[in-house]
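Okay, structure first, notes after.
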Amino acid sequence: MWKHFLKQTKANFLPYDILNLGFVVFLLGITIFFYPLLPNALCLTILYLFCLIMIVVCANKNQVAHYFYPILLIFLIFQSMGYIIPHIHHSYRDPLLYQFDVLLFGGCPFNYLQKWIRPWLTEILQLGYISYYFMPVVLGMALFLRKDSRFPSVIFAILLGFYVSYIGYLLFPAVGPRFYLHFDKSVYENTYLAGWTAHLLNILEKNKTDAFPSGHTQISIMCTYFAHYLGRNWSLIYGIMTALLIVSTVYCHYHYITDVIAGILLAIICLTISPGLEKRLGRG
């Protein structure tokens, strides 16, 4: 049925458009299923219908709109999950994730990290953390400007990475050590830009249950992998940013180490399965 619908629209659907449609329909289905439990269910339904229309319309527009509408789509989807997850789960998985960390390291790794906290280091690592929000966009812009034919495949893989991490948030909601262990205040003492940035992120991010897996780790690794399409210097820069970012996720108490390990594994899985899944959807 969906293949017939896509043909009827006469839009230039690429595999990542179909992936986007599928995930939005998935969230719409969750919204309808849990409708009585969601205070903003009607708004969510309207939002997801808008997202479906946006995908169809942008698939029939010029390349700029077609290639870059996923930036807005990902933002809307991520924020919308903050209106779903807290209402369909009675508890979060922070105790379990924290115990995994304790089991792996024989104690609380965050207590050990307290010894290494320095204001200047916090400033650097917080900048490394927020580089996540720019890495996919900058990578995409560079590939687009170079007219790299692999760009649509890169979009598909990175979107797949986002959606896999979002499913993790739905299944294993956790707020992370910054809220569960209340360590974040000591990290940002005597800092300037880092403390302000962390506070701003807390305000802007509606979805706070995004600890497991570490999407920051997952997406940054995937971007670093694709950066080699642009040359050695790009790979080096992205590699350094990713290393700083991964360290920052734990140092700044955004993620448990278990989250980071899961993010690394999921990045590898997504990079492995993406080409085959893209071909399969492309044949539709």
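Taken as a whole, the condition of being free of Cβ contacts under 8 Å to residues at least 40 places away in the same chain and either open to solvent by 10 Å² or more (accessible area, probe 1.4 Å) or more than 23 Å from the chain's Cα centre (by Cα) (or both) does not apply to LEU37.
Taken over the range 103-125, the criterion of being in contact with a helix residue (DSSP H, G or I) (Cβ under 8 Å, 6 or more places away or on another chain) and either open to solvent by 80 Å² or more (accessible area, probe 1.4 Å) or hydrophobic (A, V, I, L, M, F, W, C) (or both) is satisfied by LEU104, PHE105, CYS108, PHE110, TYR112, LEU113, TRP116, ILE117, LEU121, ILE124, LEU125. Looking only at residues of the range 210-229 that are more than 19 Å from GLN79 (Cα to Cα) and open to solvent by 10 Å² or more (accessible area, probe 1.4 Å), we find that the one that is nearest to the chain's Cα centre (by Cα) is ILE221. State yes or no: is GLN79 out of contact with any Leu (no Cβ under 8 Å at 6 or more places or on another chain), assigned by the TED database to the domain that holds GLY140 and either assigned to a helix (DSSP H, G or I) or acidic (Asp, Glu) (or both)? No; evaluated as a whole, the condition is false for this residue. With respect to (1) closer than 20 Å to LYS208 by Cα; (2) open to solvent by less than 30 Å² (accessible area, probe 1.4 Å), the lone exception for CYS43 is condition (2). Only helices (runs of 4 or more DSSP H) whose full extent lies in the range 205-284 are considered here, and the ones with at least 1 residues that are in contact with a helix residue (DSSP H, G or I) (Cβ under 8 Å, 6 or more places away or on another chain) and among the charged types (D, E, K, R) are 257-282.
Pairing residues of the range 43-69 that are not assigned by the TED database to the domain that holds PHE151 and β-branched (Val, Ile, Thr) with residues that are crowded, with 16+ Cβ neighbours inside 10 Å and outside any loop (DSSP other than H, G, I, E, B), at Cβ distances under 6 Å and at least 6 apart in sequence or on separate chains, gives THR45/THR31; ILE55/ASP17; ILE55/ASN20; ILE55/LEU21.
The helices (runs of 4 or more DSSP H) falling completely within the range 97-193 that include 1 or more residues that are hydrophobic (A, V, I, L, M, F, W, C) and within 17 Å of the chain's Cα centre (by Cα) map to 119-130, 135-145, 151-171.
Could you list, in sequence order, the residues of the range 46-56 that are under 13 Å from LEU14 (Cα atoms) and open to solvent by 30 Å² or more (accessible area, probe 1.4 Å)?
Matches in the range 46-56: VAL56 only.
When the residues of the range 128-183 are filtered to those that are free of Cβ contacts under 8 Å to residues at least 24 places away in the same chain and within 19 Å of GLU205 (Cβ to Cβ), the one that is least open to solvent (accessible area, probe 1.4 Å) is ILE167. Quickly run through the range 13-61 and pick out the residues that are touching a His at 6+ places or on another chain (Cβ under 7 Å) and either assigned to a helix (DSSP H, G or I) or modelled with pLDDT under 95 (or both). Once the filter is applied, which keeps residues that are touching a His at 6+ places or on another chain (Cβ under 7 Å) and either assigned to a helix (DSSP H, G or I) or modelled with pLDDT under 95 (or both), the range 13-61 yields LEU37, CYS58, ALA59. Cβ-Cβ distances below 7 Å connect the following pairs, each with a first residue in the range 95-113 that is on the phi < 0 side of the Ramachandran plot, a second residue that is open to solvent by 40 Å² or more (accessible area, probe 1.4 Å) and among the hydroxyl-bearing types (Ser, Thr, Tyr), and a separation of six or more residues or different chains: TYR98/TYR180.
Of everything in the range 57-102, what is of a type in the set (Gly, Ala, Ser) and surrounded by 13 or more Cβ atoms within 10 Å (Cβ to Cβ)? Give them in sequence order.
Looking only at the range 57-102, we keep the residues that are of a type in the set (Gly, Ala, Ser), and these are 59, 65, 80, 82, 91.
Scanning the range 57-102 gives ALA59, ALA65, SER80, GLY82.
The values are calculated or read from the model by the stated rules, or taken from the named source; none is laboratory data. Given the structure is predicted, the values throughout are model-derived calculations rather than measurements. Glycine gets a Cβ as well: all are built from the backbone with ideal geometry, and neighbour counts include every protein chain shown. Quick note on the areas: whole protein, heavy atoms, side chains included, nothing else; ligands and nucleic acids left out. Shrake-Rupley method; radii C 1.70, N 1.55, O 1.52, S 1.80 Å.
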